[in-house]
Each structure stands twice: as C-alpha cells, then as structure tokens.
Amino acid sequence: MEIVSQEAILELQALMNSVDEPLNRTFQNVHQGFRAETLVRFLKAREWNVAKAHKMLVECLHWRVQNNIDEIFTKPIVPTELYRAVRDSQLIGMSGYSREGLPVFAIGVGLSTLDKASVHYYVQSHIQINEYRDRVILPSASNKHGRPITTCIKVLDMTGLKLSALSQIKLMTIITTIDDLNYPEKTNTYYVVNAPYIFSACWKVVKPLLQERTRKKIQVLPGCGRDELLKIMDFKSLPHFCRKEGSGSSRHSENENCYSLDHPFHQQLYNYIKQQSLITKPAQPIKQGSFHVDLPEPAAEGTEITKSLESELQKIDKGNWLSKSISGIKTDDD
C-alpha cells in the first residue's frame, strides 16, 4: 500500500494557495471540494515530488483555461446523428458502480473504429465524458456514500482486436496523453477482458515499458471476466460484454449495451450537455462544429510505447502474410 505523505500534501497546498485567477477558478472545477484528494493524485503521478507535481498541476490548469475546458458542456456534438456516429465508433460507457461505490466504465478497445468523425470530435467527446465523471458522477457518488470517491474502474474489452488497430494508435495516444497530463490517477483499476492472441503479444511488449504504478493497476482476466468482476460488483453493474462467456461487445439490445447512445448513461450525459448549452446561451441556436482542443505531444514514454506497438503489430502482420503465402503454395502443390 502506498504511504501518503502529509508533509508533501501540505507543501503542495501552500504552493497552490498562491495561484491567481482564473487558475484558481478552474482548479475548483478540478477538485470539486476534494482538494486534498486532488493534490494526492498529482503527487502520485509525479512520484511524490512536490516541485514536479506543482508544475504538472499548474500546467494542467493553464491547459484548461487556454482551451476553455470549463465551458466544454456548452458545446454539444450536433446533430444527434453525428453524436450517434461518434458513440457507435468510440465505444465507451458507464455500466454501474462497484460495491465500494466506484463508477464502472466500459471501453470497447477492440471494436472501436474511430473513423466516423474528425479527431477533434473524438477528443471533445472524451473530455466531455471525463468532465461529466469528475463534476457530476463522482461528487454524486461521494455524497451518497458520505466519503470522497474520486476514482473509477475501467473494464477494457478486447473483443475484435485486429491488426487494423494500428491505424488508431495515433488518436488513442493523443487521448491517453490528455488523460495522463490532465486527469492523472483517476482510474483505480483497469480490468482487461476477452483478450485475443494479438493482445497477449502486444502486452508482452508494452508491459515492461509502463511505470510500475501503472502496471500494478492492470489486471488481465480470463475470458469475459465475469466471475472475477462479480467479486467487486453486482451482476447489474457488469458491462454487457462480461455477462456471459463469448458474449462479445455487440450481441445485446441497445438499452443494455452501455456504449449505445440509447443507454441511460449516454442519454443522461447528452441531455445534460444540451441543457448546459441552453442555460449558457438560451437565445442562440446550437451551432454545429467541434470544440477544438490543443492536441498534446506524447511524452517520451508514450512515444516509445507507440513505436513498440507499431513494430509488434507489423511483425504479426508480416507473420500472417508469410503464413498465408506458405499455405497458398501448399495448396498449389496439392
């Protein structure tokens, strides 16, 4: 168990007391009243180095101000058909809560195509979900349980993972970098389920490149992970692809499929964003167009992981091509 340094928290707290507006205002949207827990997240992300944690947090606040992140709820993705296309190709949803009260988010890594809209729409949608989690879901869960709940659980579904994932690595790296720099330590545990061979091959390459703190959070479960996940959540909170062996990510009704725009979570999220836009600009029609956010350069660790993944996927692709070629030669000889 990680030892929390009260001295480091107090030192970072003193540094943050001196930040000016509008950084202080956006910091309130970040911590939502759980200031100490937020400072701990940034300290963990920088191995409890106060100076580095302070730099990271201030840079995060500048990023929020420069990109108007506090106003991102005022910019819904319209028309609804476009948002549905984003939801159908960027598979993420919330299926329920763990028994400890942590929100359970499901991510369809294998079946996400990320090819129905521009990069900016996918980044916008991802940040809106992050902000809804941090400003609405987590504070509500904290109030319900009478204690700070500031992290979530993520279940990563690898169903359908193919070599075509190579084309998605750049966008996924952008989104991961945004999370690493501006939403650090928001995930308590990552559970990987429905992992095919290609994941196992890539995991062997990526695992040694991850920081030990991150590696400890990742658990690869057998099959759909149902039995292991039922130890920490009720059946009704299981993502749809974990409810029975071989269920996959797409063999469910839309109301049960937590990725779908028709699922209650996405209906509540989308309605909330549209309501916020009307409150802020009641007399103006909602305009179409993405919310542009400065896209970050990946850190050295992220760049190394991306290159290693691309190299491994190309090896697998070359191996498959060679195997098919040999198979074809044998067929010709028969």
Overall form of region 1-131 per C-alpha gyration tensor (a/c, 1.5; a/b vs b/c): prolate
So what's the back-of-envelope 222 nm ellipticity for the chain, counting only DSSP H runs of four-plus at -39500 (n - 2.57) apiece and dividing by all residues, rounded to 500? -15500 deg cm²/dmol
If I fit a long axis through the Cα atoms of helix 35-45 and take the longest principal axis of the Cα atoms of the chain, what angle between them do I get, 0 to 90°, rounded to 10? 40
Which shape class, rounded, prolate or oblate, goes with region 112-226 when its Cα gyration tensor gives a ≥ b ≥ c as root eigenvalues, a/c under 1.5 marks rounded, and past that a/b bigger than b/c marks prolate? oblate
Among all the lysines, which ones have a C-alpha under 29 Å from LYS44's C-alpha, if same-chain residues fewer than 8 places away are not counted? LYS52, LYS55, LYS144, LYS154, LYS170, LYS186, LYS204, LYS207, LYS216, LYS217, LYS231, LYS307
With a ≥ b ≥ c taken as the square roots of the eigenvalues of the C-alpha gyration tensor of region 59-139, please select rounded if a/c is under 1.5 and otherwise prolate if a/b is larger than b/c or oblate if it is not? oblate
If you count, for each residue, the other Cβ atoms within 10 Å and average over each peptide, how do 108-116, 76-84 line up from highest to lowest? 108-116, 76-84
Candidates LEU238, LEU221, LEU261, ranked by Gaussian network fluctuation over the chain, Cα under 10 Å, top entry: LEU221
Could you name the lysines whose alpha carbon sits less than 17 Å from that of LYS287, not counting residues in the same chain fewer than 8 places away? LYS75, LYS274
With no solvent and one equal point scatterer per Cα, compute the Debye intensity ratio I(q)/I(0) for the chain at 0.09, 0.12 Å⁻¹ and report its log10, rounded to two decimals. -0.51, -0.92
Out of TYR197, TYR272, TYR259, a Gaussian network model of the chain with alpha-carbon springs under 10 Å gives the largest mean-square fluctuation to TYR197
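Any read-out appearing in this document is the output of simple, stated calculations on the displayed coordinates, not a laboratory observation. Bear in mind the structure is a predicted one, so any value in this text is a computation, not a measurement. Note that we place each Cβ from the backbone using ideal geometry, even for glycine, and neighbour counts take in every protein chain shown.
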